Amino acid sequence: MPRENGRRGLIRWGWRLLKWCLVGVIFMFAVVVVLNIWVFAKTAGRIHHDTLVCDAEPVGLVFGTAEGLRGGGRNPYFSARMEAAAQLLRLGRVQHLLLSGDNRTRYYNEPVSMWRSLRTRNVGSDDMTLDYAGFSTFDSVVRARRVFGAEHVLLISQAWHLPRALFIADAVGLKAEGCAVPDGRVGGEWQLWLREWLARAATVGDIYLWGRVPYFLGPPETLPIRKKEE
C-alpha cells in the first residue's frame, strides 16, 4: 500500500508539473504575441511596398544578409535588397547608401558582398559607405545614428524585417521610414518567420529592460552625402 500511494503521489506531481509547464508555454506565447502587436502598432503606416513611392531620405540603410543559400544558389533576399537599393539611388529617393552587415571572418563579409553586387548595378563607390560592424539589426540601426550621425534614413529590407528595425530606430531617435523589397521564397521560410516573431519580442527587452548596447561602436564617421543638384 505505501508503494502504491507513492506511485500515485508521483503521478499527481507529474501531472501538476505538466500543467504548469503548459501554463508557462501559453503565457510566453501570449507575451510574444502582445509584444509583436505593439511593435506592429508603433510602426504601422511607415512601410512602403513600392520603390517608386518610398519616401525620399538622405541615407538608405541596407541590411546585410548572406549572398548565397546554405544549400546552394543565390539568396533572393540579398538580390532583392541590392536591386531595390540601386533603383532607389537612381531614382534619387536616397542620396547615399549605408551598407551594414556582418564581417565575422575573412570568408564571410556581407558589406563587401553588397558593395560588389551594387557595383555590378552601376552604383558608384562614392555613393556607398560600408559598415563592417552591423552584426545584427540592432547594431546596424544604432550605429547608423551614433557612429555615422544619420538623422533621417530609409530602411531597405523585406517587409517582415522592417517593423523591428523601425522600432529600434524610434528608440534611438532616428527618423526612419521603411522601403519593403520583394519576398523571394526560400526553403524553411517558416523558421525565419518564427525567429523574427521571437526577435521582435526580444528587441522590446533589449530596449526597455536590459539596456542592450552594440557589440562595437568605435569613433564617429561622416557619411559623404552628395547634395542634390539644383
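The values are calculated or read from the model by the stated rules, or taken from the named source; none is laboratory data. Computed from a prediction, not measured in an experiment: that's the story for all the values here. Heads up, the Cβs are rebuilt from the backbone with ideal geometry, glycines too, and the neighbour counts pull from every protein chain shown. SASA here: full protein model, heavy atoms, side chains in, ligands and nucleic acids out. Shrake-Rupley method; radii C 1.70, N 1.55, O 1.52, S 1.80 Å.
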- Message: Can you find a residue that is at pLDDT 95 or above, charged (D, E, K, R), within 20 Å of SER113 (Cβ to Cβ) and in contact with a Phe, Trp or Tyr (Cβ under 8 Å, 6 or more places away or on another chain) anywhere in the range 142-159?
- Response: no
- Task: With respect to ALA133, determine if the residue is under 29 Å from ALA202 (Cα atoms) and surrounded by fewer than 22 Cβ atoms within 10 Å (Cβ to Cβ).
- Result: yes
- Only listed residue being at pLDDT 90 or above and closer than 30 Å to VAL94 by Cβ, chosen from ALA30, ALA41: ALA41
- If you check LEU91 against the conditions, is it open to solvent by less than 20 Å² (accessible area, probe 1.4 Å) and of a type outside the set (Gly, Ala, Ser)? no
- Message: Condition first: out of contact with any Leu (no Cβ under 9 Å at 6 or more places or on another chain), of a type in the set (A, V, I, L, M) and farther than 29 Å from THR203 by Cα. Can you find one or more residues in the range 17-39 that meet it?
- Response: yes
- Restricting the first residue to the range 38-52 and requiring it to be farther than 9 Å from PHE167 by Cβ, which pairs with a second residue that is part of a helix (DSSP H, G or I) and open to solvent by 70 Å² or more (accessible area, probe 1.4 Å) meet a Cβ separation below 8 Å and a spacing of at least six or different chains? THR51/LEU91; LEU52/LEU91
- Kindly provide the set of residues from the range 35-55 that are touching a helix residue (DSSP H, G or I) at 6+ places or on another chain (Cβ under 9 Å) and surrounded by 12 or more Cβ atoms within 10 Å (Cβ to Cβ), ordered by number. LEU35, ASN36, TRP38, VAL39, PHE40, LYS42, THR43, ARG46, ILE47, THR51, CYS54
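Yes/no per residue for (1) under 30 Å from VAL33 (Cβ atoms); (2) open to solvent by 10 Å² or more (accessible area, probe 1.4 Å); (3) part of a strand (DSSP E or B):
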position: LEU98; (1), (2), (3): no, no, yes
position: LEU118; (1), (2), (3): no, no, no
position: ASP170; (1), (2), (3): yes, yes, no
position: TRP190; (1), (2), (3): yes, yes, no
- Could you check how many residues of the range 152-168 are in contact (Cβ under 8 Å) with a residue 60 or more places away in the chain and not in a helix (DSSP H, G or I)? 9
